[in-house]
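Report on the following structure.
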Amino acid sequence: MNDFKLSAADTTRLQTLLDTVANGTAGFLGYPVSKDFDYSPLMPFLQYPLNNLGDPFIPSTYAVGSRDLEKEVVAFFAQLFRAPANDWWGYVTNGGSEGNLYALYLARELYPKAMVYYSAATHYSVQKNIHLLNMPAIVVRTQDNGEMDYDDLENTISMNRQLPVIILANIGTTMTEARDDVKRIREILDKTAIRQFYIHADGALSGSYSGFLENRPAFDFADGAHSIAISGHKFIGSPVPCGVVIAHKSYRDRIARSVAYIGTMDTTITGSRNGHSPLFLWYALKRYGIEGMRARAMAALEVAAYATSRLREIGVAAWRNPDTLTVVFPEPPASIRNKWQLASENGWSHIICMPGVTKALIDTFIHEMETAMPEAPQEQLYNMSFV
């Protein structure tokens, strides 16, 4: 009788893939993914089809999931992001892009005739999501550090004052991790007498740890945001991409509809939702707690400061935005970019010092940079005021 085992060749392919993944994970610096997690105690759950279909706060006829833990994850971030006590809701998504799509969907249902504004440094998923939702949009210029140009935002809004406003604020841009100031955006809306508006904070990169900073940036509900999306696999860490979106419950209610088949409300982008991601996030949040997460952020920021300093020591014009994990510098040779999986754009590259990146790893990277660029000239440090 065939016991349906893999062939020797396929087993070898799996082992080869495992080795490749392990080696690739050990040596990448260019993408915002934490790699210090250990979810081995949760391995038994991989034997079960966890599906949190429908609304996490309303029971379903399908009972094999992690819905209760998902609610705790959402509640943790609702409190961290200072959401209104009686008017918040959210769910665990497949990542920041889904969170942005959900927020834009809510905003469109609230203001169907609105114009969307987002900066030139906004993540590529936003333009795609806007296209999917068939929403008109205007791109706003950015400052040198990647932050939104607020004068251009004000001027552009003023020219379209007859329309409601939807704004995508970046809480950590892709290349420079710049944060748009939500308080300042609200001041512009007040100044231009806009009464119908919606502000979404795309915190995929920085949002999950910005609430732990001593010099807390203006990005959350108390600062004027109506929704916030973060990634779970970046600062927190997860074996699969995931995220969390938090929004006003009163806005969610506008799009909710009952589905008899599943015995719950349809309030999310996808019907069936991965029930393992909430389990991973819950485990991490319970393991670290508020103070542990804060310490995790401080340790990562220390490594980012160390990396900036070490790059400058070898003559590389490295810089970073205040209190961020992303270190930006002129694009190095292809051999360095390829080995360390560096994201590059317009002549610039970056490393992102997410948890799991150590000073020892930075030292190895610096040594290889120095070896690959022995004749590199001493360049003037780029905009030291950003550091």
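Of note, R296 satisfies the criterion of being surrounded by fewer than 22 Cβ atoms within 10 Å (Cβ to Cβ), charged (D, E, K, R) and at negative phi.
Please state which one of A121, A103 is assigned to a loop (DSSP other than H, G, I, E, B), in contact (Cβ under 8 Å) with a residue 40 or more places away in the chain and more than 13 Å from P164 (Cβ to Cβ). Talk me through it step by step, then tell me what you get.
Values: A103 fails: assigned to a loop (DSSP other than H, G, I, E, B).
It is A121.
Residue-level analysis places S349 among those that are over 23 Å from I230 (Cβ atoms) and either modelled with pLDDT of 95 or more or in a helix (DSSP H, G or I) (or both). The set of residues in the stretch 124-158 that are in a loop (DSSP other than H, G, I, E, B) and surrounded by 13 or more Cβ atoms within 10 Å (Cβ to Cβ) comprises L133, M135, R141, Q143, N145, G146, E147, D149.
Screening the stretch 23-41 for residues that are assigned to a helix (DSSP H, G or I) and surrounded by 10 or more Cβ atoms within 10 Å (Cβ to Cβ) and picking the one that is farthest from the chain's Cα centre (by Cα) gives N23. Picking from residues in the stretch 172-208 that are in contact with a Lys or Arg (Cβ under 8 Å, 6 or more places away or on another chain) and surrounded by fewer than 23 Cβ atoms within 10 Å (Cβ to Cβ), the one that is nearest to F329 (Cα to Cα) is T192. Evaluating S125 against the criteria (1) closer than 23 Å to T156 by Cβ; (2) out of contact with any helix residue (DSSP H, G or I) (no Cβ under 7 Å at 6 or more places or on another chain); (3) modelled with pLDDT under 95 leaves one unmet condition, (2). Each residue in the stretch 1-21 was checked for being among the aliphatic types (A, V, I, L, M), exposed (fewer than 10 other Cβ atoms within 10 Å of the Cβ) and in a loop (DSSP other than H, G, I, E, B), and 1 pass.
Kindly provide the set of residues from the stretch 231-260 that are free of Cβ contacts under 8 Å to residues at least 40 places away in the same chain, among the charged types (D, E, K, R) and part of a loop (DSSP other than H, G, I, E, B), ordered by number.
In the first step, residues of the stretch 231-260 are kept if they are free of Cβ contacts under 8 Å to residues at least 40 places away in the same chain; the result is 253, 257-258, 260.
When the remaining residues are screened for being among the charged types (D, E, K, R), the result is 253, 257.
Matches in the stretch 231-260: D253 only.
Of the residues that make up the stretch 215-226, is at least one surrounded by fewer than 24 Cβ atoms within 10 Å (Cβ to Cβ), within 17 Å of A300 (Cα to Cα) and either of a type in the set (A, V, I, L, M) or modelled with pLDDT under 95 (or both)? Yes, that holds for at least one residue. Looking at A103, A107, just one residue is touching a His at 6+ places or on another chain (Cβ under 6 Å) and either crowded, with 20+ Cβ neighbours inside 10 Å or within 17 Å of T173 (Cα to Cα) (or both), and that residue is A103. Take A260 and decide whether it is hydrophobic (A, V, I, L, M, F, W, C), surrounded by fewer than 22 Cβ atoms within 10 Å (Cβ to Cβ) and modelled with pLDDT of 85 or more. No, not satisfied.
Exactly one residue out of V64, V33, V21 is hydrophobic (A, V, I, L, M, F, W, C), touching a residue at least 40 places away in the same chain (Cβ under 8 Å) and out of contact with any His (no Cβ under 7 Å at 6 or more places or on another chain), and it is V64.
Being touching a residue at least 12 places away in the same chain (Cβ under 8 Å) and over 25 Å from the mean Cα position of the chain (by Cα) is the filter here; which residues of the stretch 189-206 pass it? Hits for the stretch 189-206 are L189, K191, T192, A193, I194, Q196. Does D55 satisfy the condition of being at pLDDT below 95, part of a loop (DSSP other than H, G, I, E, B) and surrounded by 12 or more Cβ atoms within 10 Å (Cβ to Cβ)? Answer is yes for this residue.
The values are calculated or read from the model by the stated rules, or taken from the named source; none is laboratory data. Small disclaimer: the values here were computed from a predicted structure and weren't measured. Neighbour counts run over all protein chains shown; Cβ positions are idealised from the backbone, glycine included.
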